[in-house]
Amino acid sequence: MDMDYDAFIVGTGVAGSSLAYKLRAAGMKVGIADKTDFGGICAHHGCIPKKILSGAAEIVDGGRRMKGKGVSCDPKLQWTDIIRFKDQLVHSFTDPKEAAFKKAGVDTYHGMVSFHDHNTLLVGDKLVSAKHILLAIGATSRKIDIPGAEYLTTSDEYLDLKELPDKIIFAGGGYISFEFAHIAARAGADVTIIHRGENLLKNFDPDLVRILLDASEKAGIKIITGQELREVRQKQKKNLKADVCDTELEIITYSKKLESEVIHNCNMVVHGLGRVPDIDGLEAEKAGVAIENGAIAVNEYLQSISNPSVYAAGDCIRPGPALTPTASLQANVVASNIIEGNKYTVDYSGIASAVFTIPTLAAVGLMEKDTNENHKVLFNDLSKLYSARRTNLGYSASKVIIEKDTEKIVGAHVIGPGADDTINIFTLAVKSGLTLSQVREAMYAYPANSYDVKYMLK
């Protein structure tokens, strides 16, 4: 049967873009589609805009910390201006994407995409067939089944707010809530994080998380644990999206400790209660594409377990952490398997992650809770070092995990100035099997933040 394409890709983010260019370079006829603007979640409503806002928050916080210590300004985060700057910067990256695809010989499509049959997609109102269909459709905010869920503001919507309300509650104790809360607090908002459990930022080291909690509370962020979101009520009958700063909401939570409901008041509730694969409307059943636990079910080659024509990468599948580097890694594996046949699998070891708060928290590799008698844990309080004191930050610590018999570094956890960059040294160490002495004895630039690696390995 003749097909319109050798490969058709759904999604234009990191995974979709990597697939398109690699398959086209291999001589395949390639098409790509997206239901929204080209560029994907990371570019429009994820890593990139978040880091722009957190960068501005860091500048504001740094000026305030250094007041009376040589810095006399009183910086303020002007929300409307930073959102405008964010939009300009994001569009400078994303607007050229479609032209770049076309220049590379990749056909581009816009519109909702759903399956028609095993090898055919409905893209907008057009049927498109392909030998290989590649899903890189990302994730979206999880649907919350509570009264008043329509009043929740998603992370996508938060990053596009033209005005910031005075009082914000972040529901959920994950990285989205913490990053956004730190930004909002530096913009002058009254900020609270409410989490139903006791363990916040569960994918990060608990000891370093406690340091971040102390820093968060000193920044004016209230943190409430053991309360589950039950209902959101709108006190004023206004359109939340049209007049967000004037809207008054009542948040009903259930406190496990008090065994009763608790009422909180705010102007906005931000959804930080998890993200799920964005597969609604895909109609995967028409192509015999199996869904397991809300995600595209794939084998070790990232191929659908039920339709061999379909592969998937990124946040729409469950293997690996839901991070941009993971999506890129998976896309390269998928492309290689399509070009050469199924023989490549993904190595998920050594993928670093970071929470872009103030201070930054970062991690790679093994956590202490997963160690055994063959591991050694090196904890160091670095708060008295020059790197933490020169900007009056005061928060810095590390935890590095070593194999006793080989002295190889198998895990690292860092909080403090430049942690998001320092962790990449440990990422290289974990991935390459470097030993404690090899990393410690390297000649680092001094007094760069990453020089502190030497002190982390004592």
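None of the figures in this text is laboratory data; all of them are computed from the coordinates on show. Note that this is a predicted model, so its numbers are computed, not measured. Neighbour counts run over all protein chains shown; Cβ positions are idealised from the backbone, glycine included.
Counting other Cβ atoms within 10 Å as a rough exposure proxy, the listed residues Cys42, Cys73, Cys47 run Cys73, Cys47, Cys42 from fewest neighbours to most.
Normalising the average separation of contacting C-alpha pairs (under 8 angstrom, six or more residues apart) by the number of residues puts the relative contact order of the chain at 14 percent. For a straight C-alpha distance cut-off of 17 angstrom, the aspartates and glutamates reachable from Lys369 (same-chain residues fewer than eight places away being disregarded) are Glu198, Asp205, Asp207, Glu403. Restrict the search to region 295-394; then list the chymotrypsin sites (Phe, Trp or Tyr not before Pro) that DSSP places in a loop and that have at most 13 other Cβ atoms within 10 Å of their Cβ. Here the sparse-neighbourhood loop sites are Tyr348.
Relative to 2.2 N^0.38 Å, what does the C-alpha radius of gyration of region 26-125 come to as a ratio? Two decimals please. Display every interim value, and only then the final one.
On the way: Rg = 20.6 Å, N = 100, 2.2 N^0.38 = 12.7 Å.
Output field value: 1.63.
If you bin all the Cα-Cα distances of region 364-406 at 5 Å, starting from zero, the percentages per bin are 6, 21, 21, 15, 12, 13, 9, 3. Stokes-Einstein diffusion for region 95-138, with the hydrodynamic radius set to the Kirkwood value over Cα pairs and evaluated at 20 °C in a medium of 1.002 mPa s, equals 183 µm²/s. Taking every alpha-carbon pair under 8 Å whose residues sit at least 6 apart, region 359-456 reaches a relative contact order of 31 percent. Fewest neighbouring Cβ atoms within 10 Å first, the residues Tyr446, Tyr455 line up as Tyr446, Tyr455. If you wrap the Cα atoms of region 149-273 in a convex hull and average its projected area over all directions, you get 7.3 nm².
For region 298-382, the spread of Cα positions along the three principal axes, ordered from largest to smallest, is 52, 34, 20 Å. Quick check on region 270-341: take the gyration tensor over C-alpha atoms, sort the square-rooted eigenvalues as a ≥ b ≥ c, and tell me if it's rounded (a/c under 1.5), prolate or oblate. Cα axes put region 270-341 in the oblate bin. Scaled to the globular estimate 2.2 N^0.38 Å, the Cα spread of the chain, given as radius of gyration, is 1.04. Remark: C-alpha extents of region 333-458 on the principal axes read 55, 32, 30 Å, sorted largest to smallest. Look at Asp145, Asp95, Asp421 and count the other Cβ atoms within 10 Å of each Cβ; fewest to most, that gives Asp145, Asp95, Asp421.
Magnitude of the charge dipole for the chain, about its Cα centre and with charges confined to Cβ atoms of Lys, Arg (+1) and Asp, Glu (-1), is about 1280 debye.
Expected output is a single nm value to one decimal: the length gained when fully extending between Met66 and Arg84, i.e. 0.36 nm times separation in residues minus the C-alpha distance. What is it?
Answer, rounded to one decimal: 3.8 nm.
Normalised by residue number, the volume inside the convex hull of the Cα atoms of region 35-192 is 166 Å³ per residue. Computed over the Cα atoms of region 118-174, the ratio of the radius of gyration to the Kirkwood radius (Rg/Rh) comes to 1.17.
Determine, for each peptide in 196-202, 387-393, 332-338, 447-453, the mean count of other beta carbons within 10 angstrom over its residues, then list the peptides with the highest first.
So the order, starting with the most tightly packed, is 332-338, 447-453, 387-393, 196-202.
Under the convention that each Lys and Arg Cβ holds +1 and each Asp and Glu Cβ holds -1, the size of the dipole of region 241-396 around its Cα centre is about 760 debye.
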